[in-house]
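A.B. asks: Can you read through this structure? Questions will come right after.
The values are calculated or read from the model by the stated rules, or taken from the named source; none is laboratory data. Worth saying up front: this structure is predicted, and the values here are computed from it rather than measured. When we count neighbours, we look across all protein chains shown, and the Cβ atoms used for this are built from the backbone with ideal geometry, even at glycine. Note: areas computed on protein heavy atoms with side chains; ligands, DNA, RNA excluded. Shrake-Rupley method; radii C 1.70, N 1.55, O 1.52, S 1.80 Å.
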Amino acid sequence: MSKNDKESNSSIIRLLKEFIAGGSANAITSGILNPMDVAKTRLQASTTKISLSSTIRSIYMTDGIIGLWTPGLFASLTREMVNSGARTGFYGTVRDIINNTDSDNVNENSLISKIIAAMITGTIGSVLANPIDVIKVR
């Protein structure tokens, strides 16, 4: 195995680790907050004016804790893994490509290159997660 192959494998492993770390962190948060998303969706679909606490209580009384957590959970977790994984996981690599540097040489990362990298990775994350958003909304 040549030096370039080892560097390439190392870069891919780094990219995957960052993708998984970024996606997992946001997926966990999304999972914890899913009951609020369920309640918000029920409030938006409701034709009567009721409070958030009344909505949560009503869901809990009719469907239990499962009714608060499970609706839309898989779609939310998948969306966060894909969107946030791409945004945070690809950011460092894209920034380094823009600067033509490695991550050890952080001082050469200008504000403009960081903004461009954020725009690129945000776009990638949004494009990849859009089909999941469509499924989640339905």
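A.B. asks: Identify all residues within region 34-76 that are aliphatic (A, V, I, L, M) and open to solvent by less than 60 Å² (accessible area, probe 1.4 Å); write none if there are none.
C.D. replies: Val38, Ala39, Leu43, Ile56, Ile59, Leu68, Leu73, Ala75
A.B. asks: Next up: Looking for something within 16 Å of the chain's Cα centre (by Cα), of a type outside the set (Phe, Trp, Tyr) and within 23 Å of Ile13 (Cα to Cα) - is there at least one such residue anywhere in region 36-47?
C.D. replies: The answer is no; no qualifying residue exists.
A.B. asks: On the basis of being out of contact with any strand residue (DSSP E or B) (no Cβ under 7 Å at 6 or more places or on another chain), part of a helix (DSSP H, G or I), open to solvent by less than 50 Å² (accessible area, probe 1.4 Å) and not basic (Lys, Arg), does Ser10 make the cut?
C.D. replies: no
A.B. asks: May I ask you to list the residues in region 95-110 that are at pLDDT 85 or above and among the β-branched types (Val, Ile, Thr)?
C.D. replies: Result: Ile97, Ile98.
A.B. asks: Condition test on Gly22, is it assigned to a helix (DSSP H, G or I), in contact with a Lys or Arg (Cβ under 9 Å, 6 or more places away or on another chain) and within 21 Å of Val82 (Cα to Cα)?
C.D. replies: yes
A.B. asks: Can you tell me which condition Gly85 does not meet? The list is (1) in contact (Cβ under 8 Å) with a residue 24 or more places away in the chain; (2) open to solvent by 40 Å² or more (accessible area, probe 1.4 Å), and all the others hold.
C.D. replies: So Gly85 meets the others, but not (2).
A.B. asks: Tell me the residue from Gly31, Gly92 that is under 20 Å from Ala129 (Cβ atoms), among the small types (Gly, Ala, Ser), modelled with pLDDT under 90 and open to solvent by less than 80 Å² (accessible area, probe 1.4 Å), please.
C.D. replies: Exactly one residue qualifies, and that residue is Gly92.
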